[in-house]
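K.L.:
So that we are looking at the same thing, I have put the structure below in structure tokens.
The values are calculated or read from the model by the stated rules, or taken from the named source; none is laboratory data. Quick caveat: nothing in here was measured; it's all calculated off a predicted structure. Every residue, glycine as well, gets a Cβ built from its backbone with ideal geometry; the counts of neighbours run over all protein chains shown.
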Amino acid sequence: MTISRPWLVFTAAPHRMMFFGGAVQLVAVMLYWSTELAGRYTGAWSPPATVIPALWAHMALMLYGLFSFFFFGFLMTTYPRWMRGKEIPRPAYVRTFLLLAAGTLLFYPGLFTAIPVLLAGVVLWLAGLASGMAALWRVYRTAPTDDRFYETWLNGAFCAGWLGLAAFAAWLLDPRPVWLQLSLNLGLWLFLAPVLSTVAHRMIPFFTGVVVPDYREVRPRWSLWLLNGGLALHGLLAVLDLRPWLFAVDLPLAALAFWHSRAWRFRAGLTVRLLAVLHIAYLWFGIALLLYGLQSLALAVTGTLWLDKAPLHAFGIGFVTSMLIGMASRVSLGHSGRPLEADTFTWLCFLGVSLAALLRIAGEWPPLWPALGIHPNLLAGFAWLGFVGAWVARFLPIYLRPRIDGRPG
């Protein structure tokens, strides 16, 4: 059987397929959600009817149907390099991509038609996660290294993510709130947050050392234990509905995140754009934890939930999305033979993500709404589509073309 050259190029490396799927989802997820928001805030049309509440569909797509593509694209590239292990074979990452993509292609029509179709999409996501985890595990198990510190954390986070998605599937079958809360908090605090905090702890000091003169890498393992342990404790308190006590965890975590930024030479890191994007993204991590802590403290003292979902979007847009754009840009440029430089276009796209985060935070502060003339939540959706969509338009073709330096991969 003859295999077409475009398919060989597309499947030449795991990051090509995975980043392609993630990039498409960056636009598709927000197109759906912006349609919902525009109907809600302008009255121009009725929001599309869905078989589950739109908010929880948005949650599932963001936690499990979007970022997983980028995680696998990055880690299937770096695991063999970090541990000097064998490259992940093409069938393994192709299978993982096809399962995740098929789940996504079922999820959207299922969202508007029937629970069984939606559930079938989630089951395919579960299979895709399991396939990718198995591929990473084989590298982990067979690599000739005694140091698997970061990879152990990442493997544990993926297990938590799989369980969180399984809890969402359980909620589709048995719509009790406990399943939904378990899915939300496992996905957010034991999957997304520790994956990115671990990757940042591993990579930001390294990249800083390459760029900043006389910088000695600061990567104390105790700080990652405290950070990821605190994130897990936050998730547990949230599941137990003990939000007034979150400040006891989140404020120290915010201080630890800001300490990392300082130890990693935040200001010096801003001198090179491709490094600056990672430092700015990580700063959003500290800001989000600080907002969570202050919100919890206000709830404990006054009984009022201050700024509602502002901390969540400082985390999800400011930290998670910014970090993924930064890491994906670096991998995409380097592994396509292009210079490791963020041009003005890429830099503005990245800054636009922070603008979207600020607008979404403003959406939880009603006194600002009249000054903006349109609800900030809708503006945030448009900012995401504009800036992230522009980034996708720039980088998506890279995954379909051979490396410009003629090298394989």
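K.L.:
Output the residues belonging to segment 78-112 that are assigned to a helix (DSSP H, G or I) and crowded, with 22+ Cβ neighbours inside 10 Å.
P.N.:
Within segment 78-112, 79, 93, 96, 97, 100, 103, 104, 107, 110, 111 meet the criteria.
K.L.:
Okay, moving on. Quick one: which residue in 372, 379, 324 is surrounded by 18 or more Cβ atoms within 10 Å (Cβ to Cβ) and more than 22 Å from residue 192 (Cα to Cα)?
P.N.:
Exactly one of 372, 379, 324 is surrounded by 18 or more Cβ atoms within 10 Å (Cβ to Cβ) and more than 22 Å from residue 192 (Cα to Cα), namely 379.
K.L.:
For residue 356, work out the one condition from (1) surrounded by fewer than 19 Cβ atoms within 10 Å (Cβ to Cβ); (2) at pLDDT 95 or above; (3) among the small types (Gly, Ala, Ser) it doesn't fulfil.
P.N.:
Only one criterion in (1) surrounded by fewer than 19 Cβ atoms within 10 Å (Cβ to Cβ); (2) at pLDDT 95 or above; (3) among the small types (Gly, Ala, Ser) is unmet by residue 356, namely (1).
K.L.:
Within the set of pairs 6 or more residues apart or between chains, which connect a residue that is of a type in the set (Ser, Thr, Tyr) inside segment 351-374 to a residue that is surrounded by 20 or more Cβ atoms within 10 Å (Cβ to Cβ) with Cβ atoms less than 8 Å apart?
P.N.:
Pairs found: 354/280; 354/284; 354/318; 354/322.
K.L.:
Pairs, please: C-beta under 9 Å, at least 6 apart or cross-chain, first residue in contact (Cβ under 8 Å) with a residue 40 or more places away in the chain and surrounded by 12 or more Cβ atoms within 10 Å (Cβ to Cβ) and in segment 197-218, second outside any helix (DSSP H, G or I) and of a type in the set (Phe, Trp, Tyr)?
P.N.:
Matching pairs, first to second residue: 200/264; 204/264; 205/215; 205/264; 208/215; 208/264; 215/264; 218/264.
K.L.:
Just to be sure, is residue 16 crowded, with 22+ Cβ neighbours inside 10 Å, basic (Lys, Arg) and either assigned to a helix (DSSP H, G or I) or over 15 Å from the mean Cα position of the chain (by Cα) (or both)?
P.N.:
Numbers: crowded, with 22+ Cβ neighbours inside 10 Å: yes; basic (Lys, Arg): yes; either assigned to a helix (DSSP H, G or I) or over 15 Å from the mean Cα position of the chain (by Cα) (or both): yes.
Yes: the conditions hold for residue 16.
K.L.:
Next question, about the same structure. For segment 179-217, which residues satisfy the criterion of being of a type in the set (A, V, I, L, M, F, W, C) and not in a helix (DSSP H, G or I)?
P.N.:
Answer for segment 179-217, where residues must be of a type in the set (A, V, I, L, M, F, W, C) and not in a helix (DSSP H, G or I): just 212.
K.L.:
The conditions are (1) in a helix (DSSP H, G or I); (2) farther than 14 Å from residue 196 by Cβ, and residue 241 fails exactly one of them. Which is it?
P.N.:
Here residue 241 clears every test but (1).
K.L.:
Can you pull out the residues in segment 327-338 that are touching a helix residue (DSSP H, G or I) at 6+ places or on another chain (Cβ under 9 Å) and either surrounded by 24 or more Cβ atoms within 10 Å (Cβ to Cβ) or not in a loop (DSSP other than H, G, I, E, B) (or both)?
P.N.:
Filtering segment 327-338 for residues touching a helix residue (DSSP H, G or I) at 6+ places or on another chain (Cβ under 9 Å) gives 327-333, 335-336, 338.
The answer is 327, 328, 329, 330, 331, 332, 333.
K.L.:
Go through segment 373-409 and give me each residue that's closer than 17 Å to residue 40 by Cα and in a helix (DSSP H, G or I).
P.N.:
We begin by selecting, within segment 373-409, every residue closer than 17 Å to residue 40 by Cα; these are 373-382.
Selection gives 376, 377, 378, 379, 380, 381, 382.
K.L.:
Looking only at segment 258-281, filter to residues that are in a helix (DSSP H, G or I) and farther than 18 Å from residue 354 by Cα; which one of those is nearest to the chain's Cα centre (by Cα)?
P.N.:
Taking segment 258-281 as the starting set, the residues that turn out to be in a helix (DSSP H, G or I) are 258-263, 266-269, 273-281.
When the remaining residues are screened for being farther than 18 Å from residue 354 by Cα, the result is 259-260, 262-263, 268.
Numbers: 259: 22, 260: 20, 262: 23, 263: 24, 268: 25 Å.
Going through the qualifying residues, I end up with 260.
K.L.:
In segment 339-353, what residues are among the small types (Gly, Ala, Ser) and part of a helix (DSSP H, G or I)?
P.N.:
Taking segment 339-353 as the starting set, the residues that turn out to be among the small types (Gly, Ala, Ser) are 342, 352.
Passing the criteria: only 352.
Each row is one residue, and each column tells you yes or no for (1) more than 20 Å from residue 185 (Cα to Cα); (2) in contact with a Leu (Cβ under 9 Å, 6 or more places away or on another chain).
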position	(1), (2)
118	yes, yes
121	yes, yes
125	no, yes
132	yes, yes
135	yes, no
142	yes, no
150	yes, yes
158	no, yes
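K.L.:
To continue, here is another question. May I ask you to list the residues in segment 245-302 that are free of Cβ contacts under 8 Å to residues at least 12 places away in the same chain and either buried (at least 23 other Cβ atoms within 10 Å of the Cβ) or within 21 Å of residue 313 (Cβ to Cβ) (or both)?
P.N.:
Scanning segment 245-302 gives a single hit, 298.
K.L.:
Moving to a separate point now. Residue 146 passes all but one of (1) among the charged types (D, E, K, R); (2) in a loop (DSSP other than H, G, I, E, B); (3) buried (at least 23 other Cβ atoms within 10 Å of the Cβ); which number fails?
P.N.:
Going through (1) among the charged types (D, E, K, R); (2) in a loop (DSSP other than H, G, I, E, B); (3) buried (at least 23 other Cβ atoms within 10 Å of the Cβ) one by one, residue 146 breaks only (3).
K.L.:
Only residues that are over 17 Å from residue 199 (Cβ atoms) and among the basic types (Lys, Arg): list them for segment 130-168, please.
P.N.:
Step one: list which residues in segment 130-168 are over 17 Å from residue 199 (Cβ atoms), which gives 130-131, 134-135, 137-138, 141-146, 162-168.
138, 141 - these are the residues of segment 130-168 that are over 17 Å from residue 199 (Cβ atoms) and among the basic types (Lys, Arg).
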